[in-house]
Amino acid sequence: MDIRCGFCVPIFAAPGQWWFRTPNYDALDANKTMAMACEADALGYDSLWIADHLQLGQDQAILGGWTTMAALAGMTRHAKLGLIHGSNLLRHAAVTARAAMTLDQISKGRLIYFIAPSAGQSEQNAYGVHWPESEQERVAQMVEALELSIALWTTEGPVDYAGEFYQLEAATCNPGPVQKPHPPIWIDAARPDMYAACARFAQGWNATPVPIPVLRDRLAGLAAACAEIGRPFDELELSFETQILIAPDTAAIRAQLQQIIDKQSDAVELAEDMREFLSGASDAIPAQLAETFLIGTPDQIEARMRVYAELGIRHFMLWFMDAPASDGLRLFADAVLPRFRC
């Protein structure tokens, strides 16, 4: 079974927040972050993913998504490059299409174009970026963005576009992307209009951390949207984005988790099974972790990944909870990744 695994680059810090992405990172350090991304590329990870936000994490400190991705295009050689939920509203769609073309050119065809309707109301308001109150409107604007982007990437000669949200007049996007007809488009769909957009435009679909029953429901919604327009569901590359905490044994998992929780600036009430696990009274992975994250030894991680693979997941986007330490990154590459290579 050929499974792809990507590394979610820690471009922000969220110390102590075990439920959120980068809980072991005390403070953002750009050099450490970029070094980890380069190491993941050298270790054989298939993709590198960069969040697309204006403010996030401790002190709202986060590196810029497109800038970071462009730097990594020159610093890495093998891994695909993509934003995580690239926000359509943060930039004019035609300007973003040109950025995507450029990134695909300088990376020699390694871009995955992952698009989402927005970044979030609070950060867009903070930066004075227009925030449509209607989610339906935000999705409709994203659909127009995809229509004009594909036109710019695939049309020989100038492009005119007359939509509700965007208007282009004799716009060009030369020399065009390396990948033909265009870089693969990914969408994170979890509502009917997003499923429809994914079925119509995308080559990949991503799910954020959710329990298996929720994932099954979302896959069913996406399959129905594909069936409605007569598109084979298996044309889509299905991805699952989640956090991972991997160590050689349960004692090491427990120690790493306790270290993370000790970083909390404010006391957070822990569930009973979490307290029992941390105290050593139980070796069962706490439900809050086990239901949505990949937690455990290499054998346990492999077993859990195979559950997702049976649902059709073929790409895992991994946030390593011990980052910026590289222990988990290296252990997964050495002990788990080879088990999923054909």
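The values are calculated or read from the model by the stated rules, or taken from the named source; none is laboratory data. None of the values given here were measured: they were computed from a predicted structure. Quick reminder, even Gly has a Cβ in these numbers, built from the backbone with ideal geometry, and neighbours come from all protein chains shown. Ligands, DNA and RNA are excluded from the accessible area calculation, which covers all protein heavy atoms including side chains. Shrake-Rupley method; radii C 1.70, N 1.55, O 1.52, S 1.80 Å.
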Conditions (1) under 17 Å from D52 (Cβ atoms); (2) open to solvent by 30 Å² or more (accessible area, probe 1.4 Å) -> G82 fails only (2)
Practice problem: May I ask you to verify whether A151 is modelled with pLDDT of 95 or more, more than 30 Å from G74 (Cα to Cα) and among the aliphatic types (A, V, I, L, M)? | Solution: no
Of those in the range 188-211 that are within 17 Å of L318 (Cα to Cα) and of a type in the set (A, V, I, L, M), the residue surrounded by the most Cβ atoms within 10 Å (Cβ to Cβ) is A207
Here the residues within the range 125-155 that are more than 21 Å from L103 (Cβ to Cβ) and not in a helix (DSSP H, G or I) are Y127, G128, V129, H130, W131, P132, E133, S134
Note on I115: of the conditions (1) β-branched (V, I, T); (2) closer than 21 Å to A189 by Cα; (3) without any contact (Cβ under 8 Å) to a residue 60 or more places away in the chain, unmet is (3)
Of the residues in the range 223-281, those that are within 29 Å of P184 (Cα to Cα), surrounded by fewer than 13 Cβ atoms within 10 Å (Cβ to Cβ) and aliphatic (A, V, I, L, M) come to A227, I229
Taking the range 88-123 and the residues there that are modelled with pLDDT of 95 or more and of a type in the set (S, T, Y), the one that is surrounded by the most Cβ atoms within 10 Å (Cβ to Cβ) would be Y113
Worksheet item: Hey, any hits in the range 175-188 for a residue that's among the aliphatic types (A, V, I, L, M) and closer than 27 Å to T292 by Cβ?
Response: yes
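Filter the range 1-58 down to the residues that are part of a helix (DSSP H, G or I), of a type outside the set (K, R) and surrounded by fewer than 24 Cβ atoms within 10 Å (Cβ to Cβ) and list them by number.
First pass over the range 1-58, keeping only residues part of a helix (DSSP H, G or I): 30-43, 58.
Imposing the further condition that a residue be of a type outside the set (K, R) reduces the set to 30-31, 33-43, 58.
Of everything in the range 1-58, those that are part of a helix (DSSP H, G or I), of a type outside the set (K, R) and surrounded by fewer than 24 Cβ atoms within 10 Å (Cβ to Cβ) turn out to be A30, N31, T33, M34, A35, M36, C38, E39, D41, A42, L43, Q58.
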Among (1) modelled with pLDDT under 95; (2) of a type in the set (V, I, T); (3) under 21 Å from P15 (Cβ atoms), I253 falls short only on (1)
Apart from one, (1) within 30 Å of L257 (Cβ to Cβ); (2) at pLDDT 95 or above; (3) in contact with an Asp or Glu (Cβ under 7 Å, 6 or more places away or on another chain); (4) not polar (S, T, N, Q) all hold for P23; the odd one out is (3)
